[in-house]
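Asks: Following this message is one structure expressed as structure tokens.
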Amino acid sequence: MPAITIENLTKEFNGLTAVDNISFTIEKGEIFGLLGPNGAGKTTTISMLATILKPTSGKAFVNGFNIINNQDDVRKSIGIVFQDQSLDEELTAYENMDFHGRLYRIPKEIKQKKIHKLLQLVGLEDRKNDLVKTFSGGMRRRLEIARGLLHEPQILFLDEPTLGLDPQTRNHLWKYIQKLNEGKNITIILTTHYMEEADRLCHNMAIIDKGKIIALNKPEKLKEEMGWDIITIESSDNDKLNSSLKSLPWIKNTHKHNNHLTIDLQNSEKHVADIVRLSEKNKIDILSLSIHKPTLEDVFLHFTGKTIREEEASTKDNMRLRRRMWRR
């Protein structure tokens with residue numbers, strides 16, 4: 001039995017379709033990535049699976065339980081760490097854990113043992129009596145993950161778990177996530193804006209845009225399926241160069257983003273000289289040029305026409321979206 005089964009799931013808000021008839025399954029013990037730009041439907045999807053939002057139509061099963069008819073069983077099966085912090089800063093790390101344990105009615109002796117074990121797991125045992133307001137961003141995320149595991153969920157939702165953290169702290173959290181998945185066989189559903197994070201952690205992933213699933217496969221398969229090379233160019237006139245390149249039959253696609261132009265093509269080594277000659281003919285200076293095999297960033301750009309940027313998922317934007325959701 002899969003950990004999660006989604007069948008034609010849809011969510012509308014006053015005529016706005018946030019999640020549009022999506023279907024896929026997530027196997028037990030899998031780290032599954034849900035990628036998409038801000039507003040694509042990632043958080044709305046997780047909110048429905050976590051029984052926070054009721055679907056407009058469609059079905060979903062979490063750990064075999066229907067998200068509409070068996071909400072209590074679903075909630076007992078999952079742990080969740082949303083992007084926005086939900087810790088009480090005026091309580092200690094231990095007190096935050098203890099309060100969560102009380103909500104799940106975990107017996108006192110069992111609860112105490114679990115708290116100490118989980119704080120050790122995330123490297124916070126020596127800070128258990130310190131107020132959360134003294135913690136760094138990375139320490140708070142680790143504490144939230146530990147808290148989400150206290151009732152021993154079989155499925156853990158992580159919504160942008162490393163957003164805004166420095167690279168070193170992010171790398172440490174990646175190791176914790178892998179350790180949880182491998183050591184406890186916990187199914188993890190991860191939303192992220194970091195392509196490196198998805199590539200390193202995810203066994204399978206879906207790209208969602210405008211509420212629809214537009215790609216679904218293993219990260220390496222998605223890269224292989226593109227079947228071409230990528231040339232990235234910065235020039236003195238990207239618009240003019242882009243227009244000129246579109247007339248060439250061996251160019252598959254071109255994308256303009258930031259100050260660069262990316263070109264999808266086969267046999268890139270053979271054609272790079274043609275591109276340089278074309279730019280010279282049109283009096284366009286090539287400032288930089290690189291060739292590489294497709295990355296997840298290229299896959300995302302190909303399917304959505306945009307790159308993922310951290311600022312697209314600013315906390316303020318997500319808070320405004322959630323306030324709209326709760327008001328409805």
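The values are calculated or read from the model by the stated rules, or taken from the named source; none is laboratory data. A quick note: this is a predicted structure, and the numbers were derived from the prediction, not measured. Using ideal geometry, Cβ is built from the backbone for each residue, glycine included, and neighbour counts are taken over all protein chains shown.
Asks: If a residue has to be of a type in the set (S, T, N, Q) and more than 19 Å from Asp239 (Cβ to Cβ) to count, how many in the stretch 267-288 make the cut?
Replies: Looking only at that region, the number is 2.
Asks: Do we have any residue at all in the stretch 113-124 that's modelled with pLDDT under 95, part of a loop (DSSP other than H, G, I, E, B) and farther than 18 Å from Ile80 by Cβ?
Replies: yes
Asks: Go through the stretch 91-111 and report how many residues are more than 20 Å from Leu124 (Cα to Cα) and touching a residue at least 40 places away in the same chain (Cβ under 8 Å).
Replies: Residues in the stretch 91-111 being more than 20 Å from Leu124 (Cα to Cα) and touching a residue at least 40 places away in the same chain (Cβ under 8 Å): 2 in total.
Asks: Further, regarding this structure: Among the residues of the stretch 234-245, are any in a strand (DSSP E or B), on the phi < 0 side of the Ramachandran plot and at pLDDT 90 or above?
Replies: yes
Asks: Going by the conditions given, is Thr187 free of Cβ contacts under 8 Å to residues at least 40 places away in the same chain and among the β-branched types (Val, Ile, Thr)?
Replies: no
Asks: So, one more: Taking the stretch 283-293 on its own, how many of its residues are outside any strand (DSSP E or B) and loosely packed, with under 14 Cβ neighbours inside 10 Å?
Replies: 3
Asks: Tell me which residues, restricted to the stretch 181-197, are under 17 Å from Gly148 (Cβ atoms) and not in a helix (DSSP H, G or I).
Replies: Within the stretch 181-197, Asn185, Ile186, Thr187, Ile188, Ile189, Leu190, Thr191, Thr192 qualify.
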